[in-house]
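Once you've had a glance at the structure underneath, I'll fire off some questions.
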Amino acid sequence: MISYRITTTIIGAILFSIIFALVRRGKLQEKYALAWFAIGIITVILGLFPIIIDSIARLTGITYPPALLFALAAGVLLIQNLYLFIYSSQNELRIKELLQQVAVLNKLVDDLRAADAQKSDDTVTPS
Amino acid sequence: MRILVLVPVYNEWPHLLPVLNGLRQHFSDILVVDDGSDDKSFLVNLKNEGFEYVSLAFNLGHWGAIQAGFRYALQEGYDGAITFDGDGQHLPEGAIRIKPYVEGGYDVVVGKDNGRGTLPKKVCWWALNRVAGLEIQDFTSGLRGYSRSAMNHLIQGPFLSLHYQDLGVLFMAQRMGLKMIEVPTPMKERADSKSKVFPTVTSIISYLCITLTFILVRRP
């Protein structure tokens, strides 16, 4: 049986490399990738040195260190999720405004085209 | 004063042409806003009949379509707009009643239908009015007049997150200090009594919750 430290480190490393690949292929923008890189790096570090979590737990009076880890993980995910909702709301409004403007501009282009066609017809008819 | 009549339409093509022809006898400027209807072929019909339209690429909901109409009205230099449903529920006489109020300097003119609403609905409206600090009897009415300055406000910020032309719009309009009035207008009974906007109880509840949230977080 291998040490659990190796397992957690491998999980962290896999997470890190997936994010790295996603950014490289342009699937994930750099500014959003930063938070995920941080999560990947922290997972690797905590996997290698679980003593960190143990000592923080002792300092904060938590008797069962994994509980601290889960609480932190849940907090981080919650914040990220909230951020996504904000981002999505903002995007929805932007798309709405753009769509309305595109509809108006489309009509404007059509009107201008029609007026243009009319004009060229008028210039052709007299000659 | 140039006033544009906005007719938002979502898949209601069969009713539309009679409505538009009725309107045309009283108003020279009419704009149909296609709210992302599935069948676009009808737009050709509109063009052949000489009606102007703008077409949204996908469905934004009643209010989103009206906002697109506002943008057009503002761009083309109209002094005001009247919104008019394309399903045959509104009568041209209603729009004619609204017009003088828009010309007379009111920013938001609500056309109210006195004969509408069951008792539970009325109780609900009364409660919402109290919450929003409004005194509007028929705030779901889609027959409304707006001034140019109102339109300028109504296409921005919080108004973009609204879905219906209803209480939320009036609440925000009041908070921005727009001059409002409610005018009695004649309306036709809907042929099919079922509401198209709210077909199910769930949709009504979700609408109420969203509207309440919108108002409560912004209440002074």
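Values in this text are rule-based calculations from the coordinates and carry no lab data. What you see is a predicted model; the values in this text were computed from it and never measured. Using ideal geometry, Cβ is built from the backbone for each residue, glycine included, and neighbour counts are taken over all protein chains shown.
Kindly rank A:76-86, B:12-22, B:158-168 from highest to lowest mean number of other beta carbons found within 10 Å of each residue.
Values: A:76-86: 11.0, B:12-22: 16.4, B:158-168: 20.2.
The packing order, highest mean first, is B:158-168, B:12-22, A:76-86.
Answer with one residue from A:Pro66, A:Leu93, A:Ser120: the one whose Cα lies farthest towards the positive end of the charge dipole of the stretch A:56-127, charges on Cβ with Lys, Arg +1 and Asp, Glu -1.
Checked the options; the winner is A:Pro66.
Might you report the magnitude of the Cβ-based charge dipole of chain A about its Cα centre, with Lys and Arg at +1 and Asp and Glu at -1, to the nearest 20 debye?
Values: 11 positive and 9 negative charges, 136 e Å.
Value, rounded to 20: 660 debye.
Over all distinct Cα pairs, what is the inverse of the mean 1/r for chain B, reported as the Kirkwood hydrodynamic radius in Å?
Details: mean 1/r = 0.0569 Å⁻¹.
Mean inverse Cα-Cα distance, inverted, gives 17.6 Å.
Something else: Choose one of B:Val44, B:Leu212, B:Gly111: the residue whose Cα lies farthest towards the positive end of the charge dipole of chain B (beta-carbon charges +1 Lys, Arg; -1 Asp, Glu; about the Cα centre).
B:Leu212
What is the distance in Å between the Cα centres of the stretch B:141-155 and the stretch A:1-47?
A separation of 51 Å, based on Cα centres.
Now a separate question. Measure nothing fancy, just the Cα-based angle from helix B:92-103's long axis to the longest principal axis of chain B, in degrees from 0 to 90, nearest 10.
Here the helix axis deviates by roughly 70 degrees.
Roughly what would the spin-label model give for B:Leu212 and A:Ser88, points 7 Å off Cα along C-beta, in nm?
With each label point 7 Å from Cα toward Cβ, the separation is 2.3 nm.
Which value in Å does the Kirkwood hydrodynamic radius of the protein assembly as shown take, with 1/r averaged over all unlike C-alpha pairs and then inverted? Don't skip to the answer; put the middle values down first.
Details: mean 1/r = 0.0415 Å⁻¹.
For the protein assembly as shown, inverting the mean 1/r across all distinct Cα pairs yields 24.1 Å.
Per DSSP H run of at least 4 residues, take -39500 (n - 2.57); add these up for chain B, divide by its residues and hand me the 222 nm value, nearest 500 deg cm²/dmol. Provide the component values of the computation, followed by the final result.
Details: 8 runs with 91 residues, N = 220.
Value at 222 nm, helices only, nearest 500: -12500 deg cm²/dmol.
Give me the one-decimal nm value for the distance between modelled label points at A:Ile52 and A:Asp122, 7 Å along each residue's Cα-to-Cβ direction.
Here the answer is 7.5 nm between the modelled labels.
Exposure proxy check: B:Glu103, B:Glu135, B:Glu182, A:Glu97 ranked by fewest other beta carbons within 10 Å? Don't skip to the end; give the middle numbers.
Details: B:Glu103 14, B:Glu135 10, B:Glu182 20, A:Glu97 17.
Ascending number of Cβ neighbours within 10 Å: B:Glu135, B:Glu103, A:Glu97, B:Glu182.
Still on this structure: At q = 0.20 Å⁻¹, work out log10 I(q)/I(0) for chain A with the Debye formula, treating every Cα as an identical point scatterer and leaving solvent out; two decimals please.
Values, matching the q order: -1.17.
Another question, then. Below 8 Å, C-alpha to C-alpha, sequence gap of six or more: please give me the relative contact order for the stretch A:1-53 in percent. Let's see the in-between values first.
Numbers: 46 pairs, mean separation 28.4, N = 53.
Reported as a whole number, the value is 54 percent.
Looking at chain B, identify the longest residue range that excludes and avoids all trypsin sites (Lys or Arg not before Pro) in DSSP loops having at most 14 other Cβ atoms within 10 Å.
Working: sites that count: B:Arg2, B:Lys40, B:Lys188, B:Arg190, B:Lys194, B:Lys196, B:Arg218.
Between exposed loop sites, the widest span is B:41-187.
Helix-derived [θ] at 222 nm for chain A: sum -39500 (n - 2.57) over DSSP H runs of at least 4, divide by residue count, nearest 500? Write down the numbers at each step before the final one.
Numbers: 4 runs with 110 residues, N = 127.
Taken over chain A, the calculation gives -31000 deg cm²/dmol.
Could you go through the stretch A:42-47 in sequence order and give the Karplus-derived ³J(HN,Hα) for each residue, using 6.51 cos²θ - 1.76 cosθ + 1.60 with θ = phi - 60°, rounded to whole Hz, and x for Gly and Pro?
Each residue of the stretch A:42-47 in turn: 4, 4, 5, 4, 5, x Hz.
What fraction of the DSSP beta bridges in chain B is antiparallel, stated in percent and rounded to the nearest 5?
Working: 8 of 26 bridges.
Taking every DSSP beta bridge with both residues in chain B, the antiparallel ones total about 30 percent.
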